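Below is one structure, written out as structure tokens, with a few remarks after it.
The values are calculated or read from the model by the stated rules, or taken from the named source; none is laboratory data. On a predicted model such as this, the values are computed, not experimentally measured, just so you know. Glycine gets a Cβ as well: all are built from the backbone with ideal geometry, and neighbour counts include every protein chain shown.
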Amino acid sequence: MSEFEEKVRDALSNPQNQGEMNDADSVGTVGSPDCGDMLRMWLKFTEKDGQKVIDRASFQSFGCQTAIAVASMATELLKGKTAEEARNLSANELTGELGPLPPMKIHCGQLVEGALRSALDGSPADAPTQDLAPTLSS
Ligand code: FES
Ligand code: FES
């Protein structure tokens, strides 16, 4: 097992911030349930020192293990960031200690980055979005 695979395995043994957020301010989804690479991210903002910062982030993913590990890492790293700071994070930065991603796995990080951008562009969390439930529960 490569060092990267070990780090992913460790992250998956205790994934952080997994699951729907009921009181989120915004939500974003990327990917397609048809092929399984799909990720949804929720963001909750709070006011700190006169600035709007991310209080919490959570995600749901169907499919790839690496994307789950990166999303777990990213949702931790996002805490306390302004929307602007979050938007400036590259896929590589979002992978934190998991990175750098091997070439075959770079798109897993990009999936997380895409979900984050989609959430930052923000459909309100209560807006109807494509239903993930059938794929996630299977
Ligand atoms: Fe379709 Fe990955 S194979 S998004
Ligand atoms: Fe497609 Fe990881 S997101 S293999």
- Note on the structure: Residue set 80, 122, 114; condition touching a residue at least 24 places away in the same chain (Cβ under 8 Å) and within 16 Å of ligand 1 (Cβ to nearest atom); output residue 114
- So which residues in the stretch 70-93 are within 24 Å of residue 22 (Cβ to Cβ) and in a helix (DSSP H, G or I)? 70, 71, 72, 73, 74, 75, 76, 77, 83, 86
- Spot the failing condition for residue 81; the list is (1) surrounded by 13 or more Cβ atoms within 10 Å (Cβ to Cβ); (2) within 16 Å of ligand 2 (Cβ to nearest atom), and only one is missed. (2)
- Output the residues belonging to the stretch 79-108 that are of a type in the set (A, V, I, L, M) and under 20 Å from residue 122 (Cβ atoms). 83, 86, 89, 91, 94
- Would you pick out the residues in the stretch 53-78 that are farther than 17 Å from residue 27 by Cβ and either out of contact with any Leu (no Cβ under 9 Å at 6 or more places or on another chain) or among the aromatic types (Phe, Trp, Tyr) (or both)? 53, 76
- Where residue 97 falls short, out of the listed (1) modelled with pLDDT under 95; (2) within 16 Å of ligand 2 (Cβ to nearest atom); (3) not small (Gly, Ala, Ser): (2)
- Of all residues in the stretch 6-52, which are surrounded by 13 or more Cβ atoms within 10 Å (Cβ to Cβ), among the charged types (D, E, K, R), away from ligand 1 (no atom under 16 Å from the Cβ) and not in a loop (DSSP other than H, G, I, E, B)? 7, 44, 52
